[in-house]
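We did not get these values from a lab; they are worked out from the coordinates using the rules stated. Remember, it's a predicted structure, so these values are computed and weren't measured experimentally. Heads up, the Cβs are rebuilt from the backbone with ideal geometry, glycines too, and the neighbour counts pull from every protein chain shown.
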Amino acid sequence: MTRYRWTELALSLFLLIVGAATVVGARYTIAELKVLQDVVGARGFAYVVGTLVFIGGLTLLAMQLRKAISAGAPDPDAAKAELGGDDPRFPSSTGRAFAVFAALAVYVWLLKPAGYIPATVLFVGAGTWIMGGRGVVRLFLYPLAYAIGTYLLFDTVLGVRIPDGVLRPFIRAIGLG
């Protein structure tokens, strides 16, 4: 088994352990608070996250087993990408990873003063640009739709307060927030 397959196998086993530990830990360590009306609750959220992480680990493990059973030659493009070069289909160089991390740091810094929607549009647009996306639709319209959609989901449907920032007057004027 090549080096990159071992790292993928280790990641899948790690996710299985973390997911199972989250579900088991939620059962015994998280006390349900009855202060606020919450549909899911702290324990329920931990169950959902733990289960999703566990399923992700199972999926990665199944993919690794399928690769091992097929015993085909390793994909040369995957090996090249693993060594730091970019596969044109899947941009993943170290420089791009650090650029996304820097964009995330700026996003965290802008989130409260600018608000969720402007900061998220900038972050998702920057991430798309870093990964090679170009054009108004990819760099602005998709991030805008994503930011508005997730804002409406969390703020109005789930009741989670999200920073309004500079859009507070507009959001209040249309009856949200």
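With the simple spin-label model, which puts each label point 7 Å out from Cα in the Cβ direction, the residue 43 to residue 97 separation comes to 3.9 nm. Note on residue 129 and residue 173: the model spin-label points, each 7 Å out from Cα along the C-beta direction, lie 2.8 nm apart.
Couplings 3J(HN,Hα) for segment 127-133, derived from phi with the Karplus relation 6.51 cos²θ - 1.76 cosθ + 1.60 (θ = phi - 60°), are x, 5, 5, 4, 7, x, x Hz, where x marks Gly and Pro. The calculated FRET efficiency for the pair residue 13 and residue 158, based on their C-beta separation and a Förster distance of 41 Å, comes to about 0.80. Net charge of the neighbourhood of residue 120, taken over other residues with C-beta under 14 Å away and scored Lys/Arg +1, Asp/Glu -1, is -1.
Site pair residue 58 and residue 105 shows an inter-label distance of 3.9 nm when each label is modelled 7 Å from Cα along Cα→Cβ.
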